[in-house]
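Just so it is clear, none of the values below were taken in a lab; they were calculated from the coordinates. Everything quoted here is computed from the prediction, not taken from an experiment. Cβ: placed from backbone, ideal geometry, glycine included. Neighbour counts: every protein chain shown.
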Amino acid sequence: MVDTMTETETGVRLKLVIERIKPFQLQLQIHQIGRDLLLILTGGSAHIGAVALGQSYGNGTAKSNASVIGAFGHKEDQLSGEIARYVSKKTGQRCSVVAGIHFDNLSRTDILMIQSAVQEMVEQALQTMAS
C-alpha cells in the first residue's frame, strides 16, 4: 500500500507511507522537514533500535556518508546506515533514518527477506517521490 499526504502547517510534511504486509508487516514513513528527509522504518514490535544520518557530498559524482547510533543489543544499525547513505546519494538531500524492527525467532532467511523487502520499499518510495 502506498499513501501520499501533505501537511504544511508546521513545515513538516508527511510525504509518503508504504506498507508491506506479507510475509512480515513493515511500514516506511517518509517525512519532509524543510529540504531534509526523515524516514521511519518499523515492523513487528515497533521501537527505536538505530538512528542514522546520511549526507551526500562531492562535485558531479554524488558520494554519501552516514553516522549511525544503535541501541545496545539491537541490529538495525547496519540497515539504517545503508538506507541513509543510499537515499541521500540518490536525492542529494540530508536523510535521517529511524529504524526499529522486531519479530521473535527470526531465521537467517527471514532476516534476508526483511532486508530485501525494505530495499524494495525504499526504491518504491524514491520512484513515487520522483514522479
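Entry remark, segment 20-35: residues being in contact with a Leu (Cβ under 8 Å, 6 or more places away or on another chain) and under 22 Å from Asp104 (Cβ atoms) number 4 in total. Looking at segment 95-110, is at least one residue among the aliphatic types (A, V, I, L, M) and surrounded by fewer than 17 Cβ atoms within 10 Å (Cβ to Cβ)? Yes: one or more hits. Quick check, is Ser116 among the hydroxyl-bearing types (Ser, Thr, Tyr), out of contact with any Gly (no Cβ under 9 Å at 6 or more places or on another chain), in a helix (DSSP H, G or I) and on the phi < 0 side of the Ramachandran plot? Taking the combined requirement at face value, the residue satisfies it. No other residue among Val68, Val51 is surrounded by fewer than 21 Cβ atoms within 10 Å (Cβ to Cβ), in contact (Cβ under 8 Å) with a residue 40 or more places away in the chain and over 18 Å from Asp104 (Cα atoms) apart from Val51. Entry remark, segment 13-30: residues being without any contact (Cβ under 8 Å) to a residue 60 or more places away in the chain and under 20 Å from Asp77 (Cα atoms) number 3 in total.
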